[in-house]
């Protein structure tokens with residue numbers, strides 16, 4: 001406020017707790033020509049609102065007087081931009097949770113490092129555009145961090161690239177168990193994601209073989225149980241699988257394999273929790289909030305309100321790598337490593353079948369040899385980039401996303 005006043009701006013401050021105001025800061029503000037408003041009526045017309053009600057230590061939502069001030073300042077001022085200092089007031093820095101009303105900023109200027117509340121919904125929805133100001137922190141920052149967000153260079157270093165002596169088996173073969181009479185397209189979409197995920201071949205098992213072959217003649221299909229389909233380096237099971245004895249047996253069969261398994265959609269309902277916990281090979285679970293709530297035995301609203309806690313609990317309880325889908329997709333594993341948040345997501349991905357594509361893509365990366373946490377993180381990253389390519393700022397279908405995965409690969413490798 002003092003700096004703005006010294007630059008000639010008319011700055012008025014409204015103090016919720018005048019007796020607790022920083023003495024030196026308030027003195028500098030007043031000396032620079034700033035004014036203290038007597039209640040919200042004393043603010044007058046505004047061109048900019050700077051939010052500094054609470055800091056990063058705020059917990060449990062805003063007090064009643066802060067909520068009243070927030071409503072008064074934003075009433076009839078929809079076009080007045082709001083800049084939050086460090087974090088929008090009313091959101092929790094360490095968890096990304098929001099309890100009650102909170103400031104919705106157009107931009108947030110934060111200091112030293114990003115906080116989980118900047119990156120994880122529902123708090124991230126309140127932050128707007130982010131600007132990080134370097135204040136010289138280095139050794140003071142915790143190692144390892146609580147949260148990571150892969151960037152282009154990180155993803156490029158992890159992408160499986162074939163060499164001169166590679167064949168389809170050395171590149172990895174992914175098996176896909178998906179689709180049903182009710183959801184035949186799930187099989188096609190999961191195979192589409194798998195074919196573009198880096199593996200050398202895709203084996204399909206399920207009732208959608210005719211549809212898969214019609215769309216992808218290069219796919220290898222099998223009519224019997226998954227364990228008899230032939231050599232694979234990873235399995236994807238669950239997209240559009242439906243209910244019934246065959247589906248239950250297929251999920252159990254796949255979970256009995258000694259290779260990495262990704263379980264999605266209907267497979268999450270059909271899995272046996274103890275089987276997952278005791279597997280010696282890696283397991284990746286890819287639920288959305290509703291499926292995560294069912295796995296945890298809680299309400300969906302609890303998962304959506306505390307996504308970071310939910311993904312950690314799922315990973316620990318099932319001893320698996322968990323990719324929690326959503327507007328900010330999170331990846332956690334059972335051991336104590338930073339949770340990864342995907343920075344490429346877009347709201348256009350909220351479309352039927354996009355999760356089937358992600359499952360196939362991530363399973364293919366598993367088959368190509370990536371560690372489960374890396375496969376899930378890279379899969380989510382490419383998936384988000386592909387959606388941006390496919391949509392161009394307009395609605396996008398799941399097939400558009402699958403078709404755009406090669407463009408996402410090129411983007412990452414060219415960076």
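When the chain is fully extended, how far beyond the present Cα-Cα distance does residue 165 get from residue 109, taking 0.36 nm per residue of separation?
Length difference between fully extended and current span is 15.2 nm.
Pull out the extension gain between residue 272 and residue 41, defined as 0.36 nm times the separation in residues minus the alpha carbon to alpha carbon distance; nm, one decimal.
77.1 nm
Any idea what the relative contact order of the stretch 2-147 is, in percent, if you count C-alpha pairs under 8 Å spaced at least 6 apart? Before the final figure, lay out each step's value.
Working: 251 pairs, mean separation 25.5, N = 146.
Worked out over the stretch 2-147, it gives 17 percent.
Specify whether the C-alpha gyration tensor of the stretch 155-289 places it in the rounded, prolate or oblate class, a ≥ b ≥ c being the square roots of the eigenvalues: rounded for a/c under 1.5, otherwise prolate if a/b is larger than b/c and oblate if not.
oblate
For a test of the definition: using alpha carbon positions, the gyration tensor, and the 1.5 limit on a/c, classify the stretch 188-260 as rounded, prolate or oblate.
oblate
Given R₀ = 41 Å, FRET efficiency for residue 133-residue 72 by Cβ-Cβ distance, to 0.05? Please list the in-between numbers first.
Details: r = 29 Å, r/R0 = 0.71.
With a Förster radius of 41 Å, E is 0.90.
With viscosity set to 1.306 mPa s at 10 °C, what whole-number translational diffusion coefficient in µm²/s follows for the stretch 2-147 from Stokes-Einstein and a Kirkwood radius over Cα pairs? Can you show the working numbers first?
Values: Rh = 16.2 Å.
D = 98 µm²/s.
Considering only DSSP beta bridges where both residues belong to the stretch 152-414, give the percentage that are antiparallel (nearest 5).
20 percent
On the first, second and third principal axes, largest extent first, how far apart are the outermost C-alpha atoms of the stretch 122-210 in Å?
The Cα atoms of the stretch 122-210 stretch 59, 41, 21 Å along their principal axes.
Would you compute, from DSSP H runs of 4+ residues alone, the mean residue ellipticity of the chain at 222 nm, taking -39500 (n - 2.57) per run and dividing by the full residue count, rounded to the nearest 500?
Helix contribution divided over all residues of the chain: -10500 deg cm²/dmol.
Using C-alpha positions alone, give me the convex hull volume of the stretch 72-173 per residue in cubic angstrom.
About 187 Å³ per residue, rounded to a whole number.
Compute the length gained on full extension between residue 245 and residue 214: take 0.36 nm times their separation in residues and subtract their Cα-Cα distance, giving the result in nm to one decimal. Before the final figure, lay out the partial values.
Working: separation 31, 0.36 × 31 = 11.16 nm, distance 2.66 nm.
Answer, rounded to one decimal: 8.5 nm.
Please state the relative contact order of the chain as a whole percent: Cα pairs under 8 Å, 6+ residues apart?
Values: 899 pairs, mean separation 55.4, N = 415.
It comes to 13 percent, rounded to a whole number.
Most mobile of 393, 290, 198 per a Gaussian network model of the chain (Cα springs, under 10 Å)?
For the chain, modelled as a Gaussian network with Cα springs under 10 Å, the answer is 393.
Fewest to most neighbouring Cβ within 10 Å: what's the order for 212, 11?
11, 212
For the chain, with a Gaussian network of springs between Cα atoms less than 10 Å apart, report the residue from 287, 142, 81 with the top mean-square fluctuation.
Comparing 287, 142, 81 in the GNM, the peak value goes to 142.
Quick one: helix 307-318 against the long Cα principal axis of the chain, what's the angle to the nearest 10°, folded into 0 to 90?
That works out to roughly 30 degrees.
Find the percent of Cα-Cα distances in the stretch 270-415 that exceed 26 Å, and round it to a whole number.
22 percent
Where a number appears in this text, it was derived from the coordinates with a stated rule and is not lab data. Because the structure is predicted, anything quoted here is derived from the model rather than measured. Counting neighbours? That spans all protein chains shown, and the Cβs are built from the backbone with ideal geometry, glycine included.
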